[in-house]
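Here is the structure we will look at, set down as structure tokens.
The numbers here are math on the coordinates, done by the rules we state, and not lab data. Please read these numbers as outputs of a predicted model, since none were measured by experiment. FYI the Cβ positions are ideal-geometry reconstructions off the backbone, even for glycines, and counts take in every protein chain you see.
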Amino acid sequence: MSDEQQPRPDEEPRTAHYQRADASRFPTDPLGQRAAVEGMATAEGFEIPGDTEATRAHNRRALARTGRPKAEQPAPDQLRDKLLAVIEEYEEAQERHRAQEEAAYGLTAFAERYAKAQTAQERDDLAEQFGGSLTLPEAGLIRRVAKAAEQSLPDVIVDAHVDGMTAPQIARELACSSRHAYQVIKDYPWDAQWTLYRAMWLPRMDYEWVEVASGTVETTETANDLAQQILDERLDNTLAREGARVCVWRTGDGNDMYEARGTATQQSYEGEFPPIED
């Protein structure tokens, strides 16, 4: 720029300097974005103390473009209170989220220690220690899970019994009385699906299972006990000679032999059958 083009002392520079906003500072949370919008609304509707003349002129032009008279705009104090309320709401939501994360982490750490316990007494000691140091979010999470578990507890007890656990064993795990576990098992019989197979022998002492009969029954027995009862009732000379097996599932489990909840086997005269393994 030549000396003739230099601005005079009483003239303002005409060169505009633009600086791009730092996008990394933009709020990404919905509440944070809402707070930013409220702040923009404040700046565009009113002349805030400390604004430059250029900012105030821009705000007046923006207000004129909306076609809304200034009288319709809320008072600055109302906007400020609303903005502060939004910020407080955002901070409370963030604090609740942080507390929930800490609660979940605390329970996960306890579960890992509990899984490593070797004895029932060790598990009891861990539970007592953890229960005495619970935070409010951790206690809230446990109580919510406990309320949900209460509704499904009878089915949990029955399912454990189907797999062969006794009432005292179930009571020990649930920290309830054996009498309560017995009563639930008695009051909630389960629907069993069973299939009887006989062994069909092939060359070289190989064999395959062939279905002979199947059915359903309501019972309070364990799956293994029921399988043995059915085998004893239906065993004849042919099945005793060739070999037989009964598989029991809880209705809805399917009928895959490798996923049976209980089995009973009659060994054949030809040879012994290996246990069912997946």
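At Leu134 and Val212, where each label point lies 7 Å from the Cα along Cα→Cβ, what is the point-to-point distance in nanometres?
Spacing of the two 7 Å Cα→Cβ label points: 5.4 nm.
Quick one: dipole size for the range 76-157, taken about the Cα centre, charges +1 on Lys/Arg Cβ and -1 on Asp/Glu Cβ, in debye to the nearest 20.
200 debye
Could you let me know the centre-to-centre spacing of the range 151-193 and the range 70-137, using Cα atoms, in angstrom?
A separation of 34 Å, based on Cα centres.
Expressed in nm to one decimal, what extension gain is obtained for the pair Gln151 and Arg60 from 0.36 nm per residue of sequence separation less their Cα-Cα distance?
Gain on extension, Gln151 to Arg60, equals 26.5 nm.
Which value, in debye to the nearest 20, describes the size of the charge dipole of the range 176-233 about its Cα centre when Lys and Arg Cβ atoms bear +1, Asp and Glu Cβ atoms bear -1, and nothing else is charged?
160 debye
Once a ≥ b ≥ c are taken as the square roots of the eigenvalues of the Cα gyration tensor of the range 160-224, is the result rounded (a/c under 1.5), prolate (a/b larger than b/c) or oblate (a/b not larger than b/c)?
On the way: a/c = 6.71, a/b = 2.47, b/c = 2.71.
It is oblate, given that a/c is not under 1.5 and a/b is not larger than b/c.
Of the peptides 176-183, 87-94, how do they stack up when ordered by the mean number of other Cβ atoms within 10 Å, highest first?
176-183, 87-94
Suppose every K and R has +1 on its Cβ and every D and E has -1 on its Cβ; what is the size of the dipole of the range 190-266 about the Cα centre, in Debye to the nearest 20?
260 debye
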